[in-house]
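Trainee: Dropping the structure in here first, questions after.
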Amino acid sequence: MTRCYRSLRLKVIDNMNDGSQTIVMSKESSMGWQHGQLDRRRLLQGTLALGGLAAVGGLAGCSNEGRGDGGSQVADEAVALPTHVPWSGVTTDLVGQDGVSDAVFAYPAEPVSATDRQPGDGRDVEAFSMTTFPAPPGPQSNEFLQALNERLGFALSVSLVPTGDFSARFQTAVAGDQLPDLFTFFPKGEPGLPGMLQERAVDLTQLLSGDAVTRFPFLANVPTESWRSAVYGGKIYGIPIPRGPQSSIVLYGREDVLSDEGVGMTVASAAELHDLCRDLSGGNRWALDKTPIRVLRQMFEIPNGWSEEGGAFTSALEHERQLDALEAGRALVADGLVHPDALVAPNPQRKTWFVSGTVLLMEDTFSAWPGFHTYEIPAGFLLGAIVPPLADGGGQAPIWLGSPTHNITAVGKRAEDRAESLLEVLDYLAAPFGTAEHLFKNYGLPGVHHTLQGSDPILTEQGKSELQLALRYLGEGPWVTYQAGSPEIARSQFEAQSATVPTAVRNPSLTLFSETESRKGGQIGGDIASVENDILLGRRPVTDWTAAVEAWKRDGGDQIADEFAEALALSAG
């Protein structure tokens, strides 16, 4: 019986065994990257620590002892953040309220050039960045790389690392003193981050603080809230990549397939979600690419990382309904509703499963919505979002509000004499939606990487392949919800955000620094993530979670809570 749910110089270098690639836009790179094989167990633990366990800090990795903490909440609060000067060159079709991003239905017909000269000082630039896509083709067959090189006026080389491998590779580069001119990192994502930045990154405060940022108009367009994540030890150490609500987690569904099978995308409880997954699974098809533990935790009203009351912090790991959420996740795996390769498949593989129909539900961020269309999608492909219900029924569950900053791009210490010119490069890459620079960066050359449908640039297969340089993680302006050639998709994204973002729950620790979290968060997070793994796979009983949380608290979690409380008190003055 069908169950119905109503829906509300250029080459690519393979880097040994770790799966990363370097896209080199000059004849050769002076960087001598050192790579070690990534331990898969650590990778799996780290992925869970950052994803399923939002309360836990960064990934486990090499030691950073002896660097000094470099952190001071008082000093951070004293920094004059860059003045926010919004770009007003494009009129949006839908104006978001309460944190929802604006939406545009069609690309401006005549995008204007927002710059009148090449950025930088003409010298080559090397960068280190994360990616969620396979590496693009090499230079001999990549016209976009050649055109970008020409427009920049210098050779850019980018070492691209899959996000799942990023922390281990980043720490290897730090340990070997191999960070290049520009490098990206996740806020709070690395051990001893403030001390590391003091040693390896350029203090950009004088160039960016207050009205100084107006020298770089597209960086001034970055919202103030995102800049808070770039301040460490009382100094601005990088350029934030803003995301706002786009980093919030959503449970996607293949609405086209579900509709064809007479199934809607609205569920009223955790039990109904399980039933939906059962109906969608069978044969060589599974409902889920992995256990949607973050969505389940939202449904059980578990806080977003931490909760704060009266100045005291409590980890979400301690919440009374954690056992219920884990049991719900364990049951999905036990019933064969999750792809059997869930724990080992990289994100691009998961997305390939999704667009091919091997899985029909996938947990990801709002920002991932446009990216699905860079894959080989079938005719009629349509995404929808399941608005999470309260686990026991009775209404909608509040989602977790994503961080306003996806990642940060810093200037390496060796390039200190070039800091201003490198900020020009990042300013160029952050050109806002609707400009000619943004059009080229995201859609390449007309007739080669995109064709026009009205005023909308539709990526060709060549464009989908050649443009995946992860430039958006080096420099980017505020998010505008848009899907070329598909205004209905932009509207669907806007509506999904409007239904969830205004009531989303914020993580109160986002801009607070804890030295213990920075140094030990990855280790203790990896330990408890391993327990979570075993519980979801049925190797350990759900009741083992309680002892694991006690160990986490004893080994540093309680100290992290105390340090957040102290930082909050200092922040409040």
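The values are calculated or read from the model by the stated rules, or taken from the named source; none is laboratory data. No experiment lies behind these values; they were computed from the predicted model shown. Cβ atoms come from the backbone with ideal geometry, glycine included; neighbour counts cover every protein chain shown. Accessible surface areas use protein heavy atoms only, side chains included; no ligands, DNA or RNA. Shrake-Rupley method; radii C 1.70, N 1.55, O 1.52, S 1.80 Å.
Trainee: Run the dipole for the chain about the Cα centre, Lys and Arg Cβ at +1, Asp and Glu Cβ at -1, nothing else charged, and hand back the magnitude in debye, nearest 20.
Mentor: The calculation lands at about 840 debye.
Trainee: Return the Rg/Rh ratio of region 329-471 with Cα-based radii and a Kirkwood Rh.
Mentor: Reported Rg/Rh, Kirkwood definition of Rh: 1.04.
Trainee: Give the long-range amide H neighbours of H450: residues separated by 5 or more places, or on another chain, with amide H under 5 Å away, using H modelled in the peptide plane at 1.01 Å from N.
Mentor: L445, T460
Trainee: Ok, one more. Convex hull volume of the Cα atoms in region 485-573, per residue, in Å³?
Mentor: Numbers: hull volume 16.6 nm³, N = 89.
Taking the convex hull of the Cα positions in region 485-573, it is 186 Å³ per residue.
Trainee: Taking the Cα centre as origin and putting +1 on Lys and Arg beta-carbons and -1 on Asp and Glu beta-carbons, what dipole magnitude results for region 311-354, to the nearest 20 debye?
Mentor: Taking the Cα centre of region 311-354 as origin, the dipole is about 260 debye.
Trainee: Once phi is turned into θ = phi - 60°, what whole-Hz ³J(HN,Hα) does the Karplus curve with 6.51, -1.76 and 1.60 give for every residue of region 333-345, x standing for Gly and Pro?
Mentor: 5, 4, 8, x, 9, 10, 3, x, 9, 4, 7, 10, 7
Trainee: For region 192-264, how big is Rg over Rh, using alpha carbon atoms and the Kirkwood form of Rh? Provide the component values of the computation, followed by the final result.
Mentor: Numbers: Rg = 19.7 Å, Rh = 15.2 Å.
A ratio of 1.29.
Trainee: Please list, ordered by chain and number, the residues whose modelled amide H lies under 5 Å from the amide H of E363; skip anything fewer than 5 residues away on the same chain.
Mentor: It is Y252, D289, K290, by chain and number.
Trainee: Apply the Kirkwood formula to the chain: the hydrodynamic radius equals the inverse of the mean of 1/r over all pairs of different alpha-carbon atoms; give it in Å with one decimal.
Mentor: Roughly 24.2 Å, rounded to one decimal.
Trainee: Specify which residue in the list A569, A548, Q559 is farthest towards the positive end of the charge dipole of region 530-573, using unit charges on the beta carbon of Lys, Arg (+1) and Asp, Glu (-1), about the Cα centre.
Mentor: Of the candidates, A548 comes out farthest on the positive side.
Trainee: A follow-up question, please. From the residues A78, A175, P398, which one has its Cα farthest along the dipole of the chain in the positive direction, the dipole being from +1 and -1 charges on Cβ of Lys/Arg and Asp/Glu about the Cα centre?
Mentor: In the chain, that residue is A175.
Trainee: Still on this structure, I have one more. Does a label point 7 Å from the Cα of A75, set along Cα-to-beta-carbon, have any residues of region 191-207 with amide nitrogen under 17 Å, and which are they?
Mentor: 192-207
Trainee: To continue, here is another question. May I have the convex hull volume per residue, in Å³, for the Cα set of region 370-438?
Mentor: Hull volume over Cα atoms, normalised by residue count, gives 206 Å³.
Trainee: Note down the magnitude of the dipole of region 345-487 about its Cα centre, charges +1 on Lys and Arg C-beta and -1 on Asp and Glu C-beta and zero elsewhere, to the nearest 20 debye.
Mentor: 220
Trainee: Now, a different point. Just round it to a whole percent: the fraction of Cα-Cα distances in region 132-180 exceeding 17 Å.
Mentor: 51
Trainee: With θ set to phi - 60°, apply the Karplus curve 6.51 cos²θ - 1.76 cosθ + 1.60 along region 164-175 and write out the HN-Hα couplings as whole Hz, x wherever there is a Gly or Pro.
Mentor: Whole-Hz 3J(HN,Hα) from phi for region 164-175: x, 9, 5, 4, 4, 5, 4, 5, 4, 5, 5, 4.
Trainee: Mind jotting down the three principal axis lengths of region 91-248 based on Cα atoms? Whole angstrom, largest first.
Mentor: Cα spread of region 91-248 along its principal axes, largest to smallest: 48, 45, 32 Å.
Trainee: Return the long-range amide H neighbours of W400 (sequence gap of 5 or more, or a different chain), with a cut-off of under 5 Å between placed amide H atoms.
Mentor: I249, V505
Trainee: Using θ = phi - 60° and the Karplus relation 6.51 cos²θ - 1.76 cosθ + 1.60, list the HN-Hα couplings for region 229-243 in order, rounded to whole Hz, with x at every Gly or Pro.
Mentor: Once θ is set to phi - 60°, the couplings for region 229-243 become 6, 9, 9, 9, x, x, 9, 8, 10, x, 10, x, 9, x, 9 Hz.
Trainee: Rounded to a whole number, what is D in µm²/s for region 234-364 from Stokes-Einstein with the Kirkwood radius over alpha-carbon pairs (4 °C, 1.567 mPa s)?
Mentor: 79
Trainee: Would you please report the Å³ per residue occupied by the convex hull of the alpha carbon atoms in region 457-524?
Mentor: 187
Trainee: Quick check: at a probe of 1.4 Å, how many percent of the accessible area of the chain sits on carbon and sulfur atoms?
Mentor: 48
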